[in-house]
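See structure below.
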Amino acid sequence: MFLLCFGLFIFLGMHSLRLFGDTVRDRWIARAGEKGFKLQYSAASIAGFVLVIVGFGLARETPQLLWMPWAPLRHLSLLLTLLSFVFLAAAYVPGNAIKARLHHPMVLAVKVWALAHLLTNASAAHVVLFGSFLVWSVWYFRAARQRDTRLQTHYAPGNLRATVITVALAALAWSLFALWGHGWLIGIRVLA
């Protein structure tokens, strides 16, 4: 469990630099240069991510069940992960109304993904992994919205065509991942 926690500390810590204001990031860029910062940031993030994967894999070998998940929540979890895929697609498809309205759909995708997985997974490793991501995403989303208000950031309005494309791409990606990808990547088939 230590490896999982250490990896989360590094990975989420790197992704929390803006939560502490831009001064930490700006000093790092001043010291290492733009390319040096990106290289060091990426290397640390990748190292943290690898530690999370390895640590979670090791923790799953000796699961400590904290409670028994309620079976009907599995259906809600599937629906929430579909919503998470919509938010994820909205972060990348330009001109969609979802991003125009919510402003930070990537962080919302992480939040909904983490909540969906907490509903159906009750081992200590799952609670640490998904709980950490949930707490981080709630905190980060709030800070990002406050930063937008402070900087008076305006987002362009979205259009229907881009929004429909966003939802269609998300539904396709979710279907492929639920039917095939999750089982291949994680070892657990979601839809059999």
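The values are calculated or read from the model by the stated rules, or taken from the named source; none is laboratory data. Everything numeric in this text was worked out from a predicted model, so none of it was measured. Virtual Cβ from ideal backbone geometry, glycine too; neighbours counted across all protein chains shown.
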> Inside the range 143-162, can you point out the residues that are over 19 Å from R18 (Cα atoms) and among the charged types (D, E, K, R)?
Replying inline: R161
> Going by the structure shown, is S175 within 21 Å of C5 (Cα to Cα), in the same structural domain as S84 (by TED's automatic domain parsing) and not hydrophobic (A, V, I, L, M, F, W, C)?
Replying inline: no
>> Out of G57, G36, G21, I need the residue that is at pLDDT 90 or above, more than 30 Å from A122 (Cα to Cα) and loosely packed, with under 14 Cβ neighbours inside 10 Å. Which one?
In response: G36
>> Please list, ordered by residue number, the helices (runs of 4 or more DSSP H) wholly in the range 2-100 having 3 or more residues that are assigned by TED's automatic domain parsing to the domain that holds G187 and touching a residue at least 60 places away in the same chain (Cβ under 8 Å).
In response: 73-92
>> Residues that are among the β-branched types (V, I, T) and within 30 Å of M68 (Cβ to Cβ): list the helices (runs of 4 or more DSSP H) wholly contained in the range 101-192 that include at least 2 such residues.
In response: 105-120, 124-151
